[in-house]
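Q: Handing you a structure now.
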Amino acid sequence: MKNIFLSVAVASTALVSCGTVQSLVQNTFPYTANVLVSTGVPADKEVSSTSTASNVQTWFGGNNNAKIKDVRISDAKIAVVSPTGGNLSALKSVKVYVSSGGTNERLVASRTNISTNSSSLNLDLNDTGFLDEVVKSSGLTVRTVYELKNQTSSDMNLKVSLNFSSVPAQ
């Protein structure tokens, strides 16, 4: 009886420690996109801005695409980075899409009915499953679609920050 209890205790400890090690080696990698909102952008009309990210190989150095899996969006924020300051009160809504060289586009984050005077805002994540094929591609593209409540009186620079998480491939 003592041996059975000891075996169960050792097995439980081993399982818990494997889960802890797995969570410690989980990878998180960021991408930021800059969006310029010009004074000529009309209100109540969706406007799109696209930028290309560097491939996951440059984040991890070398060809490590095969070493990660289960890539998901883990965090998304938008912030005003204009030298004169400002806030997000002019924004009505924002949507952030990622794609592989312009194909397989997936909505990863959004926010509607923005009503904040803050200079930064966490976006709502759209967890549509794994993004392995998109993030591990040779050309990760981020498209930001925004709509203004009213036209801005000066240019506004926005920074969209995305964090992706993954686990090591076995």
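Q: If you scan region 142-158, which residues turn out to be of a type outside the set (A, V, I, L, M, F, W, C) and either loosely packed, with under 15 Cβ neighbours inside 10 Å or touching a helix residue (DSSP H, G or I) at 6+ places or on another chain (Cβ under 9 Å) (or both)?
A: Lys149, Asn150, Gln151, Thr152, Ser153, Ser154, Asp155
Q: Would you mind stating whether Ile114 is of a type outside the set (Phe, Trp, Tyr), modelled with pLDDT of 90 or more, assigned to a loop (DSSP other than H, G, I, E, B) and crowded, with 17+ Cβ neighbours inside 10 Å?
A: Here the answer is yes, as Ile114 does meet what is asked.
Q: Here are some conditions: (1) in contact with a helix residue (DSSP H, G or I) (Cβ under 7 Å, 6 or more places away or on another chain); (2) at negative phi; (3) in a strand (DSSP E or B). Tyr97 meets all but one. Which one does it not meet?
A: (1)
Q: Another question, then. Any chance you could count how many residues in region 145-170 are outside any strand (DSSP E or B) and either among the β-branched types (Val, Ile, Thr) or farther than 21 Å from Ser51 by Cβ (or both)?
A: From region 145-170, those outside any strand (DSSP E or B) are 149-155, 169-170; that's our starting set.
From what's left, either among the β-branched types (Val, Ile, Thr) or farther than 21 Å from Ser51 by Cβ (or both): 149-154, 169-170.
So the answer is 8.
Q: Hey, Asn104 hits all of (1) at positive phi; (2) in a loop (DSSP other than H, G, I, E, B) but one; which does it fall short on?
A: That leaves (2) as the condition not met.
Q: Something else about it: Report, by residue number, each residue of region 159-170 that is under 14 Å from Ile73 (Cβ atoms) and in contact with a helix residue (DSSP H, G or I) (Cβ under 9 Å, 6 or more places away or on another chain).
A: Narrowing region 159-170 to residues under 14 Å from Ile73 (Cβ atoms): 160-166.
Phe164, Ser166, listed by residue number.
Q: Consider only pairs whose beta carbons are under 6 Å apart and that are at least six residues apart or on different chains; among these, list those whose first residue lies in region 111-125 and is of a type outside the set (S, T, N, Q) and whose second residue is part of a loop (DSSP other than H, G, I, E, B).
A: Taking only residues 6 or more apart or on different chains, the pairs are Arg111/Leu123.
Q: Got a number for residues in region 126-139 being under 12 Å from the mean Cα position of the chain (by Cα) and either at pLDDT 85 or above or not in a helix (DSSP H, G or I) (or both)?
A: Of the residues in region 126-139, 3 are under 12 Å from the mean Cα position of the chain (by Cα) and either at pLDDT 85 or above or not in a helix (DSSP H, G or I) (or both).
The values are calculated or read from the model by the stated rules, or taken from the named source; none is laboratory data. Small disclaimer: the values here were computed from a predicted structure and weren't measured. Here Cβ is always computed from backbone atoms with ideal geometry, including for glycine, and neighbour counts include all displayed protein chains.
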